[in-house]
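The values are calculated or read from the model by the stated rules, or taken from the named source; none is laboratory data. Predicted model only: the values in this text are computed from it and were never measured. Please note: Cβ atoms are built from the backbone with ideal geometry, for glycine as well, and neighbour counts cover all protein chains shown.
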Amino acid sequence: MSLLGTKVGVVSLGMSCQSAHQIEHHARLIGTLTGDPSAITSRFPFDNLICPPPSAIRMLQADRFHPESMEDLTVGEGAYWWQMDAHFWQEFRPKRSGLFRRKIMDPVKAFSVLTQKYEHTGKKFRALSSVPRLIFVISNSQNNLEMVSRVTGNVGVMLDLTQVEALADRTDAYLGRACEYIVVTYPDRVTGRSVRSNVSVFELKPDDSEWMGDPAQWSALFQTALAPRAAVSSA
């Protein structure tokens, strides 16, 4: 999950689940660094999506966080929203049920759950414009992205910083002001460069986790990215 308080929001903007997981894992540290002890975990639309920057841009341009009908989805490993080129990786998963614990999945119910979830989180994302300080986190350092790429056939693992800047521009326009952006990647998974003063890029050393990432490296980058602003604010 992401993090929301009265003074600050630290919110995943994709492109995979690791961003939201590490925000949630470091919630107390982030609250301390930003000077907002009221910040608590809160779910937002991009927390569990496989969603590269161009896909997030499309969603913000359309102001849509979920498809209008089942026809807009291709169900396989999760569900693929082809109009936005985004994967709902946690949705449309079979549940175990019955005497022999068979795996079953009701597509109609699954779509209803997806719609309700993203309608709710979409409203919360729109309301972020009232939060004084907004920090968005974008990462592609999730190790199983290569597996996701093989399974889906259309998910890339690379992050183009020029696309990140375009996403920052779109997000700023969507919320009506300049926000802050933390980009987390591996040295061999990033191209281009960013010249924006409000975009901070951190290159991690590869770790051996399946998807969650290395909490020690994330702790260090949060302290680097957030502590200077906290020091200035408290002066």
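Of note:
- Residue match in region 123-134 (condition: in a helix (DSSP H, G or I), crowded, with 21+ Cβ neighbours inside 10 Å and under 13 Å from the mean Cα position of the chain (by Cα)): yes
- Of all residues in region 197-225, those satisfying the criterion of being touching a residue at least 60 places away in the same chain (Cβ under 8 Å), closer than 19 Å to Ala27 by Cα and in a loop (DSSP other than H, G, I, E, B) are Trp211, Met212, Gly213.
- Test: residue in region 70-80 that is farther than 20 Å from Trp211 by Cα, charged (D, E, K, R) and not in a loop (DSSP other than H, G, I, E, B): yes
- Looking at Gly153, Gly176, just one residue is without any contact (Cβ under 8 Å) to a residue 60 or more places away in the chain, among the small types (Gly, Ala, Ser), out of contact with any strand residue (DSSP E or B) (no Cβ under 6 Å at 6 or more places or on another chain) and closer than 17 Å to Ser55 by Cβ, and that residue is Gly153.
- Looking only at residues of region 64-95 that are without any contact (Cβ under 8 Å) to a residue 24 or more places away in the chain and of a type in the set (A, V, I, L, M, F, W, C), we find that the one that is surrounded by the fewest Cβ atoms within 10 Å (Cβ to Cβ) is Trp82.
- Matching residues in region 1-35 - criterion: being under 10 Å from the mean Cα position of the chain (by Cα) and outside any helix (DSSP H, G or I): Met1, Ser2, Val11, Ser12, Leu13, Gly14, Met15, Ser16
- Boolean, Met147 is of a type in the set (A, V, I, L, M), surrounded by 12 or more Cβ atoms within 10 Å (Cβ to Cβ), within 20 Å of the chain's Cα centre (by Cα) and at pLDDT below 95: yes
- Pair list, Cβ under 8 Å, 6 or more apart: region 28-40 residue at negative phi and crowded, with 19+ Cβ neighbours inside 10 Å, other residue small (Gly, Ala, Ser) and in a loop (DSSP other than H, G, I, E, B): Ile30/Ala39; Gly31/Gly5; Gly31/Ser38; Gly31/Ala39; Thr34/Gly5; Asp36/Gly5; Ala39/Gly5
- Members of region 40-67 found to be modelled with pLDDT of 95 or more and of a type in the set (A, V, I, L, M), listed by number: Ile40, Ala56, Ile57, Met59, Leu60, Ala62
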